[in-house]
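Quick notes on the structure that follows.
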Amino acid sequence: MMNTHTNETKGKTNELLPVETGNPLALPKGVQILNGPDGKPLYVLVPYAQYMESVESSEHPDDKVEIPNEVVRLAIVESKGIVRAWREHLGFTQAALAKEMKISQPALAQLEKPGRVLRLPTRKRLADALGIASEQLRLAEED
C-alpha cells in the first residue's frame, strides 16, 4: 500500500505520490509526483542535487550556438532581420549570396525580410551558403 501526502494549494488538493519499492516503473530514489486536482501528474519533485546533476550533464544544443554581437545589433537594433544581418556581417552582397544559393536576388530579398520565419530546409541552404550553422539563423524559438 502506498502512503500519500496531500498539499493544499489555493483551495486545490494536490497529491504527492512517493516511490513504491518493488514497482518496475518506480522513479529514482527521492523523486515524487505531484498530481493536479484532476488526478493527473502535474509536477515531478526531485532532490536539488539530483536536479543540478541532471542539468549539468544534459546536452543543450541551443546553448552552444553563438551569434556575434554585430549580427544581433544589425538584426534587432537596426531591424534588418537575421538573414540580412549575417549577410552584411560576412561581407556578402545580395547578388553574391543569391548566386551561391542558386536563387534569384529578389528571392533572397524576400528571405531577408525582418520577422520572416525560415523553413528548416531554407535555413540549412542559407547557412551552408553563408558558412555558418543553421541554428545561428535563429534569434528565438520560431518553429
Residue in the range 129-143 that is surrounded by the most Cβ atoms within 10 Å (Cβ to Cβ), counting only those that are at pLDDT below 95 and assigned to a helix (DSSP H, G or I): Leu137
Unique match (being touching a helix residue (DSSP H, G or I) at 6+ places or on another chain (Cβ under 8 Å) and surrounded by 18 or more Cβ atoms within 10 Å (Cβ to Cβ)) among Arg116, Arg87: Arg87
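The values are calculated or read from the model by the stated rules, or taken from the named source; none is laboratory data. Just so it is clear, the model here is predicted, and its values are computed rather than measured. Cβ: placed from backbone, ideal geometry, glycine included. Neighbour counts: every protein chain shown.
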